[in-house]
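The values are calculated or read from the model by the stated rules, or taken from the named source; none is laboratory data. Not measured: the values here are computed from a predicted model. FYI the Cβ positions are ideal-geometry reconstructions off the backbone, even for glycines, and counts take in every protein chain you see.
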Amino acid sequence: MTFPDPRVPRNLAVLGSPIAHSKSPRLHAAAYAVLGLPWRYTAMEAVGADLPRLIDGLDASWRGLSLTMPLKVDVIPLVDELDRVAALTGAVNTVRFTDDGRRLGFNTDVDGLARALGEAGRGSVGRGALVGGGATAASALVALADLGARSVDVYVRTPARADSLVDLGRECGTVVEVHPLEGLVTARPVDVVVGALAGGAVIDVEASEEIRRESLLFEVAYDPWPSALVRSWREAGGEVVHGLGMLLHQALLQVRIFVLGDPFEELPDEASVLAAMRAAIA
């Protein structure tokens, strides 16, 4: 796609509630400064009921939106087309407005997590595990499958509610076994454990020393930090990867979408763009 005219200002925003804490405006501002684009990216307070009116009210200066949960699900009926990952996970974190008025939905969380794991030296996964079973877990499951995971153990409070993850795993060619959280007590080591509890929520179960010591923990939650799961992992001497890596890489893919329309097309001087974004949240 042709690079946008740098003389034309554009508007973008991240939507959610609460949203004042979001690091996304800093990430995106850093990217557009390097790219020489006079684009404005803000944080806007919104809940699901606001979305139809809000999106319908945006004028032609708007290039796109980023969305937090639960808006990632609420926005789906309002878009015209979903990319493969958004359709697979049932979650849209990026909406791109085209010049002809269409609304395109993308999910950059999956590839953002996969890229962050690759940076941490886990570009290939044989066996994985998830702690948590919501929308974040669905994206994490697809990311692990894309990295080659043949099997993924899922630990959740209510196993009966995790049937959708079993079905999703089947679509991805990955065997998913669901366990109650208490199963963590005797859990065996895997290559990667993804902490996918909302806000790094506290659980009243401590994972086995073996899995904590021998398995890398990727904790999606980055605020507050460290989460209870991270503290537990560190006490056992285990390796931990910060969730900011996923935030960084999913945002880079969003910038690709907003600027070029394609999450797989590299930006001009992308190394400098990524470095500026990383520095913005250091």
Yes/no for ASP59 being out of contact with any Cys (no Cβ under 6 Å at 6 or more places or on another chain), of a type in the set (D, E, K, R), part of a loop (DSSP other than H, G, I, E, B) and closer than 26 Å to ARG278 by Cα = no
message = Can you find, within segment 185-202, the residue that is modelled with the lowest pLDDT among those that are more than 20 Å from the chain's Cα centre (by Cα) and surrounded by fewer than 16 Cβ atoms within 10 Å (Cβ to Cβ)?
response = VAL202
ask   = Considering only residues of segment 63-105 that are among the hydroxyl-bearing types (Ser, Thr, Tyr) and assigned to a loop (DSSP other than H, G, I, E, B), which is nearest to PRO52 (Cα to Cα)?
value = THR68
note = Pairing a residue in segment 207-231 that is farther than 19 Å from HIS179 by Cβ with any residue that is assigned to a strand (DSSP E or B) and among the acidic types (Asp, Glu), where Cβ atoms lie under 6 Å and the two sit 6 or more apart in sequence or on different chains, gives SER227/GLU219; VAL230/GLU219
query = Of the residues that sit in segment 203-229 and are of a type in the set (Asp, Glu) and within 22 Å of the chain's Cα centre (by Cα), which one is nearest to HIS21 (Cα to Cα)?
reply = ASP223
task = Would you tally the residues in segment 11-29 being crowded, with 21+ Cβ neighbours inside 10 Å and not in a strand (DSSP E or B)?
result = 3
query = What are the residue pairs meeting all of these: first residue in segment 177-193, first residue in contact (Cβ under 8 Å) with a residue 24 or more places away in the chain and under 24 Å from ALA114 (Cβ atoms), second residue of a type in the set (D, E, K, R) and not in a loop (DSSP other than H, G, I, E, B), Cβ atoms under 6 Å, and 6 or more apart or on different chains?
reply = GLU177/ASP153; PRO189/GLU210; PRO189/GLU214; VAL190/ARG127; ASP191/ARG127
message = Take the conditions part of a helix (DSSP H, G or I), closer than 26 Å to ARG188 by Cβ, in contact with a helix residue (DSSP H, G or I) (Cβ under 6 Å, 6 or more places away or on another chain) and among the aliphatic types (A, V, I, L, M) and apply them to ALA114. Does it pass?
response = yes
request  = Considering each residue of segment 88-116, count those that are among the aromatic types (Phe, Trp, Tyr) and surrounded by fewer than 24 Cβ atoms within 10 Å (Cβ to Cβ), and give that number.
outcome  = 1
note = Reported set for segment 31-51 where residues are within 14 Å of LEU253 (Cα to Cα) and hydrophobic (A, V, I, L, M, F, W, C) is ALA31
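Can you go through GLU119, GLU45 and tell me which one is surrounded by fewer than 22 Cβ atoms within 10 Å (Cβ to Cβ) and either of a type in the set (A, V, I, L, M) or over 23 Å from HIS242 (Cβ atoms) (or both)?
None of the other options fit; the residue is GLU45.
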request  = Those residues that are out of contact with any strand residue (DSSP E or B) (no Cβ under 7 Å at 6 or more places or on another chain) and under 26 Å from GLY199 (Cα atoms), I need them from segment 32-53; list them, please.
outcome  = GLU45, VAL47, GLY48, ALA49, ASP50, LEU51
message = For the structure I just gave you, tell me whether ILE55 is assigned by TED's automatic domain parsing to the domain that holds VAL273, under 17 Å from the mean Cα position of the chain (by Cα) and farther than 29 Å from ALA145 by Cβ.
response = no
query = Restricting to strands (runs of 3 or more DSSP E) lying wholly in segment 117-207: which have 1 or more residues that are closer than 13 Å to LEU217 by Cβ and hydrophobic (A, V, I, L, M, F, W, C)?
reply = 127-131, 192-195
